[in-house]
Amino acid sequence: MDSYDVIIIGSGAGGGTLARHLAPSGKRILLLERGDWLPREPQNWSAADVFVDNRYVSPDTWYDGEGKPFQPQVHYCVGGATKMYGAALYRMRAEDFGELKHHDGISPAWPISYEAMEPYYTKAEQLYQVHGSRGEDPTEPFASAPYDHPAVSHEPRIAQLAESFAAAGLHPFHAPCGVMLNEGNMPYSNCVRCSTCDGFPCLVHAKSDAEVLGVRPALEHANLTLLTNAEAVELRTNPGGTAVTEVVVERAGDHAGNGHGDPTGSGQSGEGRRETYSADIVVVSCGAANTAKLLLESASDKHPNGLANGSDQVGRNYMFHNSQAVLAISKEPNPTVFQKTLGVNDYYFASDAWEFPMGNIQMVGKSVAAMYRGEKPLMTKLAPTFSLADVAEHAVDFWLSTEDLPQQENRVSVDRDGKLTLSYHPSNNTARDRLFEQLRSLLGNLGMHEHHLIPRWAYLENKIPVAGVAHQAGTCRFGSDPSSSALNENCRAHEVDNLYVVDTSFFPSIAAVNPALTAMANALRVGDHLLQRLGADGG
Ligand SMILES: Cc1cc2nc3c(=O)[nH]c(=O)nc-3n(C[C@H](O)[C@H](O)[C@H](O)COP(=O)(O)OP(=O)(O)OC[C@H]3O[C@@H](n4cnc5c(N)ncnc54)[C@H](O)[C@@H]3O)c2cc1C
Ligand code: SF4
């Protein structure tokens, strides 16, 4: 059995960022990824392949609380969900780290303050080359440094929209974007500012994702080994149950990942092969649902309810935002190519408009006609007056995010055969509906047809059903009390001395902004703790 200083399981926002942070230390690190490298191919930018045929979505079947099967929108590849993400890289608001009163209940406080996370947000923004502009968003928290890169400019229709929002008394701002765009020198810009970004992989590797800016730079260090097609299926502990001693991995296909060699030295085909690895420290970062699954399936005599689950919190408190993707019809055509440059947070907290938080308004990638195939509500509402091409030409696409509150009964569970059940009931529906109405009431002022604010049914579904797991979080929450949380403030399992979790599972509440930057920042924070524990420096 091969032994390492650190094993990281999962190479997405949490694991990929941690790998990059630890790699310069010279410690022996094994990065396990169940998927392969995402292929670079023309289909990366094809709406029909990506949105209609779900080319990069895993074939997994999960079950909802009523036992109904569904295909979750998960992506198993190097870089994880960040390969497809919209790269809107927001900090949580400072207030989100405290307790917040919502219409449907309390959004609980985090065990660490915003101030403790702030330096890592700054580092994560630098690492992921976030483009933004401080001082425009009224809810923006304190930042110790300006953005390294200027905000991505608005295209004319979005600039007009920003002006209209401002004229209506709101405070639109330039959204923080993780794209490697150099508008001052386009011949040298990695990003070509295309329309196929949000929800698509970037064919030219110009999106700030965890493969390009996490795993690839980590692999420049010979002490880090990546194994692809390597699914961790069980964590075994010492007899006392106090430390993970073996990571059991199932290999699909024969891929040693990075050319640093086959760590088993076996040279065998990996088809169906099981291997075990050990490390002083094991970090799980499989995404919120799969991390819960791995821990629950690692039950033993000492951990009968699942590894590190004495609190019975593993798998519980699943959250994923009460989101709505909606489409407004502009009176003027909307020829915008890269639409995701604007945000509005005037309804984020309690306001004059309502005594409770409603959430965040931002843009999503510009929709195109090919994405509407199968979107029946859209066709029913607009046909026959509009052709789908007309809709696409005039569509302005918004993403509304309302905070989803943690609830014990919203949970991931796994049966003896490994069948994953995701039981979920949304919270904060009133806040979600209010946010929708708030935007709808503004349409006339925004140069849109007043009565058309229409749900989108592609991957960004309205009132996203359980399959829309893009923003999954919360299944392994951190806290200071071992009876009500699975992890401590350093994201170490309360009950297992060498086991950490750095994906979005650790979130005790999810706020109403996109989660990836917080996962990245936290991975850097936990990474500093691990470097100290290993007696290493970051190089
Ligand atoms: C279409 C889409 C758009 C999005 N847009 C945004 C956005 O604009 N802004 C934002 O902040 N967030 C966005 N998100 C969400 C964001 O991508 C996630 O919050 C973030 O990637 C979560 O990071 P993670 O580390 O928890 O999990 P992931 O990034 O999903 O990483 C988990 C990794 O673990 C691997 N894995 C799973 N199980 C195992 C196992 N047993 N063994 C080995 N490996 C395993 C997976 O293959 C994957 O690579 C979007 C997501 C999607 C899908
Ligand atoms: S907009 Fe830029 S980063 Fe996004 S997919 Fe296109 S080239 Fe890549």
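The values are calculated or read from the model by the stated rules, or taken from the named source; none is laboratory data. In this text, all values refer to a predicted model and were calculated from it rather than measured experimentally. Note that each Cβ is placed from the backbone with ideal geometry, even for glycine, and that neighbours are counted across all protein chains shown.
None of Pro72, Pro59 is surrounded by 21 or more Cβ atoms within 10 Å (Cβ to Cβ), within 16 Å of ligand 1 (Cβ to nearest atom) and over 30 Å from Val152 (Cβ atoms) except Pro72. Scanning region 524-539 for residues that are under 15 Å from Pro24 (Cα atoms) and among the aliphatic types (A, V, I, L, M) returns Leu524, Leu530, Leu531, Leu534, Ala536. Evaluated against (1) of a type in the set (Val, Ile, Thr); (2) at pLDDT 95 or above; (3) more than 18 Å from Ala252 (Cβ to Cβ), Thr61 falls short on exactly one condition, (3).
Among residues of region 514-535 that are under 10 Å from Tyr121 (Cβ atoms), those with a Cβ under 8 angstrom from a residue that is assigned to a helix (DSSP H, G or I) and among the aromatic types (Phe, Trp, Tyr), sequence gap 6+ or separate chain, pair up as Leu517/Tyr121; Thr518/Tyr121; Ala521/Tyr120; Ala521/Tyr121; Asn522/Tyr120; Asn522/Phe506; Leu524/Tyr120; Arg525/Tyr120.
Just so you know, in region 28-49 the residues that are away from ligand 2 (no atom under 16 Å from the Cβ) and either among the small types (Gly, Ala, Ser) or closer than 12 Å to Val283 by Cβ (or both) include one that is surrounded by the most Cβ atoms within 10 Å (Cβ to Cβ), and it is Leu31.
Residue by residue, here is whether (1) surrounded by fewer than 20 Cβ atoms within 10 Å (Cβ to Cβ); (2) at pLDDT below 95; (3) under 19 Å from Ala19 (Cα atoms) holds:
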residue: Asn182; (1), (2), (3): yes, no, no
residue: Met186; (1), (2), (3): yes, no, no
residue: Cys202; (1), (2), (3): no, no, no
residue: Ser208; (1), (2), (3): no, no, yes
residue: Ala218; (1), (2), (3): no, no, yes
residue: Asn223; (1), (2), (3): yes, no, yes
residue: Arg236; (1), (2), (3): yes, no, no
residue: Gly241; (1), (2), (3): yes, no, no
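Restricting Pro146, Pro141 to residues that are modelled with pLDDT of 95 or more, touching a Lys or Arg at 6+ places or on another chain (Cβ under 7 Å), surrounded by fewer than 16 Cβ atoms within 10 Å (Cβ to Cβ) and under 23 Å from Val179 (Cβ atoms) narrows the list to Pro146. Of all residues in region 167-181, those that are more than 16 Å from ligand 1 (Cβ to nearest atom) and in contact with a Phe, Trp or Tyr (Cβ under 6 Å, 6 or more places away or on another chain) total 1.
Of all residues in region 402-432, exactly one satisfies the criterion of being in contact with a strand residue (DSSP E or B) (Cβ under 9 Å, 6 or more places away or on another chain) and free of Cβ contacts under 8 Å to residues at least 12 places away in the same chain, namely Asp415. Return a yes/no flag: does region 121-130 have any residue that is among the acidic types (Asp, Glu), outside any loop (DSSP other than H, G, I, E, B) and touching an Asp or Glu at 6+ places or on another chain (Cβ under 9 Å). Checked against the condition, which is being among the acidic types (Asp, Glu), outside any loop (DSSP other than H, G, I, E, B) and touching an Asp or Glu at 6+ places or on another chain (Cβ under 9 Å), region 121-130 yields at least one hit. Look at (1) more than 18 Å from Arg40 (Cβ to Cβ); (2) near ligand 2 (Cβ under 8 Å from one of its atoms); (3) polar (S, T, N, Q) and you find that Thr225 fails only one, number (2). Of all positions in region 459-475, none carries a residue that is outside any helix (DSSP H, G or I) and more than 20 Å from the chain's Cα centre (by Cα). Scanning region 497-539 for residues that are surrounded by fewer than 24 Cβ atoms within 10 Å (Cβ to Cβ) and assigned to a loop (DSSP other than H, G, I, E, B) yields Asp497, Asn498, Pro508, Leu534, Gly535, Ala536, Asp537, Gly538, Gly539.
Would it be correct to say that Glu95 is over 22 Å from Asn322 (Cα atoms) and either hydroxyl-bearing (Ser, Thr, Tyr) or outside any loop (DSSP other than H, G, I, E, B) (or both)?
no
Residues in region 170-211 that are part of a loop (DSSP other than H, G, I, E, B), more than 8 Å from ligand 2 (Cβ to nearest atom) and of a type in the set (A, V, I, L, M, F, W, C): Leu170, Ala175, Ala210. Checked against the criterion of being crowded, with 18+ Cβ neighbours inside 10 Å, at pLDDT 95 or above and within 17 Å of Met1 (Cβ to Cβ), region 262-270 contains not a single residue that satisfies it. Quick one: would you say Gly214 is modelled with pLDDT under 95, buried (at least 17 other Cβ atoms within 10 Å of the Cβ) and either away from ligand 2 (no atom under 12 Å from the Cβ) or not aromatic (Phe, Trp, Tyr) (or both)? Criteria not met by Gly214.
Scan region 28-42 for residues that are in contact (Cβ under 8 Å) with a residue 60 or more places away in the chain and not acidic (Asp, Glu) and jot them down. Those that are in contact (Cβ under 8 Å) with a residue 60 or more places away in the chain and not acidic (Asp, Glu): Arg28, Ile29, Leu30, Leu31, Leu32, Arg34, Gly35, Trp37, Leu38, Arg40, Pro42. Here the condition is being within 16 Å of ligand 1 (Cβ to nearest atom) and farther than 21 Å from Leu127 by Cβ; of Ser195, Ser164, Ser153, Ser208, it holds for Ser195 alone.
Candidates in region 1-10 are the residues that are out of contact with any Gly (no Cβ under 6 Å at 6 or more places or on another chain) and at pLDDT 95 or above; of these, the one that is surrounded by the most Cβ atoms within 10 Å (Cβ to Cβ) is Gly10. Assess whether Ser25 counts as being in contact (Cβ under 8 Å) with a residue 24 or more places away in the chain, hydroxyl-bearing (Ser, Thr, Tyr) and surrounded by fewer than 24 Cβ atoms within 10 Å (Cβ to Cβ). For Ser25, the condition - in contact (Cβ under 8 Å) with a residue 24 or more places away in the chain, hydroxyl-bearing (Ser, Thr, Tyr) and surrounded by fewer than 24 Cβ atoms within 10 Å (Cβ to Cβ) - is met. Restricting region 301-338 to residues that are at pLDDT 95 or above and among the hydroxyl-bearing types (Ser, Thr, Tyr) leaves a set whose member that is surrounded by the fewest Cβ atoms within 10 Å (Cβ to Cβ) is Ser311.
Could you say which residue among Ala162, Ala151, Ala167 is within 17 Å of Lys207 (Cα to Cα) and of a type outside the set (Ser, Thr, Tyr)?
After applying the criteria, what remains is Ala151.
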